[in-house]
Amino acid sequence: MEPTKKVKKLNVPHIFIIILFIILFACLATYIATPGVYDMNEAGQAIAGSYHVVEREPVSPWAALLMIKKGIESAASVISLMLVAGGSIAVLLDTGAFNDVLNFGVYRLQDKSTKVLVPAIVVMMSALGAFAGNDSMIAFVTVGLVICSRLCLDRITAMGMFYLGYLIGQGASFTSNMLIQFQVMAGVEPLSGMGARLIVWTVFTIVNAAYCTRYAIRISKDPSKSYMGEVLSPEPGMEDIKAVALPVKGIIAVVVMFAVYILYAVCAPKLGWGQEYLYVFMILSSVFASILYRVSPNRISKTFFKGAQSMGGICVVMGLARVVGMVLNQGHIMHTISNTASNLIGSNGLALAAIGIFIFTLVLNLFIPSGLSKAAIMMPLLTPIGDVCGLSRQMVVFAYSMGDSLTNTMTPMSGPMVGALELADVDYTAWLKYAVPLMGILAVIAIIFITVLATMGWA
């Protein structure tokens, strides 16, 4: 058997460097492109048919650099949300509540048949990904390898259950931190539209579970059909999955966290709650879990600040990304780009306009998989397109979030994906054979949902 080829993450420039080049390109555009603006309504939305040419006001690279301070200041609401969310999620993860729930589920399912165990794990990982998806979850791929060895399945099945389980759940999430930040950037109420997103998450999870189960059953009957060319078998001395008692505290902590998000989503529009309530709920849910697990106040504080600090780099990048929009706005090019794009995709109906946003994001994500950094650049461009085309900003966020998630499973520029493949010792080519058809199916389903929701005027 030939040695397994491992995928290597492409040596692409850091997102900081990429954004600097985008800023430089934006400055150049202010000297070349035709300047123009839309008239805006009282809600700050572009008025369709109001685009008109204005006097050129080019922005030099030096002037752009001087905007960095204002860019960071303008991103204050998103940055504050990221800091609080990063700290709160770190505290929740530190309690071990999620790990306890997951470990218990795996322990109880380990002796079940393939038809039961595989879909159950996919659903469980999808749910955890939707609530508090974190790249650290790729570590559970090693648990998947133990399970697959016992059931004579392959390494790809372990990846499908645990890595894709959480990743697809996170991408189609109705409560994730990333979704909340996308909505804030677009001026949409955080956690709004939860009902429709819950349906999408359910469908995506079922499709993923069915796909993974079908593959697992096929190779269990005929190992030669494995994309790896072989299946795993129990190795001498392989550790058993340790017995785990019912994690009552973990279940309570997870339920409370979910309930808090539901409470905010339901009550915010009715009671006029602002984002400050969401911040408090995030903190209280993590503190509640810490109390259940008897975590000391000092440890809670240290973990919270550590989690907040981990978001520092991306916060700076978010502020820097705002400079792109500021340059395009000051040079009166932002609306020119939006007008050109809306003329290309907006004359064919709402559905095609939304699908255009989805496909563009889908392709762009192959090269820039950093969802938050990309969103900071794209949302100021996409929202005017949506306004002019008649798309609700909720719809713009939905189309963007769908496109942002699906190609994360395929691009070698994604650090987590590369890390998961290395951990599972899965050949990149073999992985693409598994993942590409699934992503194609989910892309078609996403387009169907986008079409239906856009036609309904979902807001």
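Residues considered: Val188, Val248, Val231, Val203. Of these, the only one that is modelled with pLDDT of 90 or more and among the β-branched types (Val, Ile, Thr) is Val203.
Suppose we keep only residues that are assigned to a helix (DSSP H, G or I) and of a type in the set (Gly, Ala, Ser) within region 325-340. Which one would you say is nearest to Leu372 (Cα to Cα)? Full working, then the answer.
Filtering region 325-340 for residues assigned to a helix (DSSP H, G or I) gives 325-330, 334-340.
Restricting the remaining residues to those that are of a type in the set (Gly, Ala, Ser) gives 325, 338.
Values: Gly325: 15, Ser338: 20 Å.
Among those residues, the one meeting the criterion is Gly325.
Quickly run through region 327-354 and pick out the residues that are surrounded by fewer than 23 Cβ atoms within 10 Å (Cβ to Cβ) and closer than 15 Å to Ile448 by Cα. Scanning region 327-354 gives Gly349, Leu350, Ala351, Leu352. Within region 185-205, track down each residue that is under 29 Å from Ala46 (Cα atoms) and in contact with a Ser or Thr (Cβ under 6 Å, 6 or more places away or on another chain). Residue satisfying the conditions is Ala186 alone.
Remark: pairs (first residue in region 210-238, of a type in the set (Val, Ile, Thr); second residue part of a loop (DSSP other than H, G, I, E, B) and at pLDDT below 85; Cβ separation under 9 Å; 6+ apart in sequence or on different chains) = Ile219/Cys152; Ile219/Val231; Val231/Leu151; Val231/Cys152.
Can you confirm whether region 137-144 contains a residue that is modelled with pLDDT of 80 or more, part of a helix (DSSP H, G or I), surrounded by fewer than 22 Cβ atoms within 10 Å (Cβ to Cβ) and not hydrophobic (A, V, I, L, M, F, W, C)? Within region 137-144, not a single residue is modelled with pLDDT of 80 or more, part of a helix (DSSP H, G or I), surrounded by fewer than 22 Cβ atoms within 10 Å (Cβ to Cβ) and not hydrophobic (A, V, I, L, M, F, W, C). Residues in region 173-196: is at least one among the charged types (D, E, K, R), assigned to a loop (DSSP other than H, G, I, E, B) and touching a residue at least 12 places away in the same chain (Cβ under 8 Å)? The answer is yes; a qualifying residue exists. Note on region 148-167: residues that are crowded, with 24+ Cβ neighbours inside 10 Å and modelled with pLDDT under 80 total 0. Scoring Arg322 on the criteria (1) in a helix (DSSP H, G or I); (2) modelled with pLDDT of 85 or more leaves a single failure, condition (2).
The values are calculated or read from the model by the stated rules, or taken from the named source; none is laboratory data. Since this is a predicted model, take the numbers as computed values, not measurements. Don't worry about glycine lacking a Cβ; one is built from the backbone with ideal geometry, like all the others, and counts go over all protein chains shown.
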